[in-house]
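Presented below is the structure to which this report refers.
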Amino acid sequence: MGAAGVALAAHPQSGTKYRGFTSEKALGFSAPVSFRVSGDGKSLLSFKYSSLGCFGGSDFSRGEDPFTKPFARRRVGSINVSRQGAFSIHGAESTYTIQGQTTVTTTTVAGRFTTARTASGTIRFTQLFMGPHLTINRCGPSKRTFTATAT
């Protein structure tokens, strides 16, 4: 009789910062993801990721990391963590406006801690791009995977 595989719950390290990358790449750079775990270990604080979005971008100089640009940064905020080390949030909105053009990104994050020092998951987002001289454009959902480790 074989032993049945049991998935053990992994819990994050309280008060620890995690950093990593999503599956999105551009010009030789990878898109960052980061968050920190609350002191009680029950939530992720300041969850952020970068993306060029579904509209992309091509106006960058060689050697310039496009993911560091303000328009590429997405702030999701706080996400609750279950006893099993899973976390998710649906419908988190972030907005960026430049020169009268506004991009509203709506994000869903789902993931789990695979060990106390590593989390992985999926980021899905849709975008609405609008401005006074633009037709409203919608795109998505787009999907990125991510892995982050304790620093």
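What follows draws every value from the coordinates through simple rules; no lab data is involved. Remember, it's a predicted structure, so these values are computed and weren't measured experimentally. Virtual Cβ from ideal backbone geometry, glycine too; neighbours counted across all protein chains shown.
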(request) First select every other residue whose beta carbon is under 13 angstrom from the beta carbon of V81; then total the charges, Lys and Arg +1, Asp and Glu -1. (result) +3
(message) Which residue fluctuates most in the GNM of the chain (Cα springs below 10 Å): K17, K42, K69?
(response) K69
(request) For the chain, set up a Gaussian network in which alpha carbons nearer than 10 Å are linked by springs, and say which option among F29, F60, F71 fluctuates the most. (result) F60
(message) Give me Rg/Rg_expected for the stretch 30-127, where Rg uses Cα atoms only and Rg_expected = 2.2 N^0.38 Å with N residues.
(response) 1.17
(message) Which of P141, P32, P66 ends up with the largest GNM mean-square fluctuation for the chain, with Cα atoms connected below 10 Å?
(response) P141
(message) Distance cut-off 20 Å, Cα to Cα: go down the list K25/K143; K48/K69; K17/K48; K42/K69 and report the pairs above it.
(response) K42/K69
(request) With the Cα gyration tensor of the stretch 108-151 in hand, convert its eigenvalues to equivalent ellipsoid semi-axes via √(5λ) and list them largest first in whole Å. (result) 33, 10, 6
(request) Apply 1/(1 + (r/R0)^6) to the Cβ-Cβ distance of T118 and D40, taking R0 = 25 Å, and write down the FRET efficiency to the nearest 0.05. (result) 0.80
(request) Grab the beta carbon distance between S14 and T102, set R0 = 35 Å, and tell me the FRET efficiency rounded to 0.05. (result) 0.40
(request) Could you run the Karplus curve 6.51 cos²θ - 1.76 cosθ + 1.60 with θ = phi - 60° over the stretch 111-120 and give me ³J(HN,Hα) per residue in whole Hz, x for Gly and Pro? (result) x, 7, 7, 7, 9, 5, 9, 9, 10, 9
